[in-house]
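Below is one structure, written out as structure tokens, with a few remarks after it.
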Amino acid sequence: EYCKSAEAKVILENWLPLTDFQSIQERKNKGLEWQLFINSGVKNPLRGFETIKPLFKRMKVEGNALELEEIYYLGNFTKITKDVKEVFAINSTDDINKNSNQNQTPLLSEIANEIPSLEVAENAIFRIIDEKGELKDLPEIRAIKQNILKIRNEIDSVIKSFTNNAELKDALQSSVPALRQDRQVLAIKANHRGKIRGIVHEVSQTGQTFYIEPEEIVRCSNELIEEQAKLERELKRFVTQLTKDLSQFYYEIKQALELMIKLDVSYASCQWGLSNNCVYAQTINFTKDNLTLLGARHPLLGQKAVPIDVVFNPGCKVLIITGANTGGKTVTLKMVGL
């Protein structure tokens, strides 16, 4: 629940415990760096981003076109990666706490620095769509939309000429136009249908009402359909070309996602620890150091757990736990194991 992305949630749900000492230390140190970063008060650049992994295969198909919403998802992702790179690049040279010049987030900065720059892809995306993910008012699109608006106004004007005509008052079943097959029609009483010439699109079940598209509107409706089809073709052309342009950054986007997931997973782990008042286990060498747990609780039981001390004295290799049922022997074993 602390993850920023669905991809990171999948990774965490399939995580298994580590046994390699170096990998354990690296995972722990990433969490410690996130804790330092969070406590520094610097605004976290890691924000939620939509699932983009399923888009990769489609980006590689020649002539394929992503949906406008999907392109917006990619654009949002490129912005977040840029913010992450910028913030951690600063913190890789300037100490978050400003007490020294020593790098305080080396592992996180290393991941951030490996994220490829997606600025060219970002510019290509937001040249066509705005910050809300809607298509910009491009010149090619604007002219078609103006024609569509002009035709719609013409249709409305013709419709009003019928509904406001006093001579047709008795012929109209309703003064409000209806919509049939995406065309504006008039509801005409059956015994007056001859007063308006046009195309009958529908007849009511009772046969008392004919839905007629006047001849004057037929031409306009046909032109409207043509312009709408033209708009769809133009939109398809834009997104197809943009998808093709973005496919050039396929490997960069894929690599960036993998690295962002790493940051997301380590961030979520750290946040879980902070939310549960956890502390990071000290690094010990079991061949030299004695296992010592003071006031330890099983993390899944939280405050419900009774704190216990477990100490292996020097030279001790075996510890026998005895007691009645429900006394906590299993919990103690699991807690020591963790």
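The values are calculated or read from the model by the stated rules, or taken from the named source; none is laboratory data. This structure is a prediction, so every number in the text was calculated from the model and none was measured. FYI the Cβ positions are ideal-geometry reconstructions off the backbone, even for glycines, and counts take in every protein chain you see. The accessibility values were calculated without ligands, DNA or RNA, using every heavy atom of the protein model including side chains. Shrake-Rupley method; radii C 1.70, N 1.55, O 1.52, S 1.80 Å.
Figures for the structure shown
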{"item": "Residue count for the range 188-212, restricted to those that are within 22 Å of Ile151 (Cβ to Cβ), open to solvent by less than 50 Å² (accessible area, probe 1.4 Å) and in a strand (DSSP E or B)", "result": "4"}
{"item": "Lone qualifier among Ile90, Ile96 - being surrounded by 17 or more Cβ atoms within 10 Å (Cβ to Cβ), under 17 Å from Ile38 (Cβ atoms), hydrophobic (A, V, I, L, M, F, W, C) and at pLDDT below 95", "result": "Ile96"}
{"item": "Residue in the range 267-276 that is free of Cβ contacts under 8 Å to residues at least 40 places away in the same chain and over 16 Å from Lys4 (Cα atoms) present", "result": "yes"}
{"item": "Residue among Leu274, Leu319, Leu293 that is over 30 Å from Arg47 (Cβ atoms) and not in a loop (DSSP other than H, G, I, E, B)", "result": "Leu293"}
{"item": "Looking only at the range 142-155, and only at residues there that are in contact (Cβ under 8 Å) with a residue 24 or more places away in the chain and charged (D, E, K, R), the one that is least open to solvent (accessible area, probe 1.4 Å)", "result": "Glu154"}
{"item": "Residues within the range 263-301 that are within 33 Å of the chain's Cα centre (by Cα) and buried (at least 17 other Cβ atoms within 10 Å of the Cβ), tallied", "result": "10"}
{"item": "Cβ-Cβ under 6 Å pairs, at least 6 apart or on other chains, the range 125-141 side over 15 Å from Gln241 (Cβ atoms), far side surrounded by fewer than 16 Cβ atoms within 10 Å (Cβ to Cβ)", "result": "Asp130/Lys136"}
{"item": "Boolean, Val218 is of a type in the set (A, V, I, L, M, F, W, C), more than 22 Å from the chain's Cα centre (by Cα) and not in a helix (DSSP H, G or I)", "result": "no"}
{"item": "Only listed residue being within 15 Å of the chain's Cα centre (by Cα) and either in contact (Cβ under 8 Å) with a residue 60 or more places away in the chain or in a helix (DSSP H, G or I) (or both), chosen from Thr51, Thr78", "result": "Thr78"}
{"item": "Residues located in the range 296-330, provided they are touching a helix residue (DSSP H, G or I) at 6+ places or on another chain (Cβ under 9 Å) and more than 30 Å from Ser275 (Cβ to Cβ)", "result": "Leu319, Ile321, Thr322, Gly323"}
{"item": "Selection count, the range 59-75, where residues are surrounded by 14 or more Cβ atoms within 10 Å (Cβ to Cβ) and without any contact (Cβ under 8 Å) to a residue 60 or more places away in the chain", "result": "3"}
{"item": "The lone exception for Leu319 - which of (1) farther than 30 Å from Lys82 by Cα; (2) loosely packed, with under 11 Cβ neighbours inside 10 Å it fails", "result": "(2)"}
{"item": "Failed condition for Lys195, given (1) closer than 30 Å to Pro116 by Cβ; (2) touching a residue at least 12 places away in the same chain (Cβ under 8 Å)", "result": "(1)"}
{"item": "Phe162 part of a helix (DSSP H, G or I), in contact with a helix residue (DSSP H, G or I) (Cβ under 9 Å, 6 or more places away or on another chain), open to solvent by less than 80 Å² (accessible area, probe 1.4 Å) and among the aromatic types (Phe, Trp, Tyr)", "result": "yes"}
{"item": "Hits in the range 11-41 (condition: exposed (fewer than 14 other Cβ atoms within 10 Å of the Cβ) and aliphatic (A, V, I, L, M))", "result": "Leu16, Leu18"}
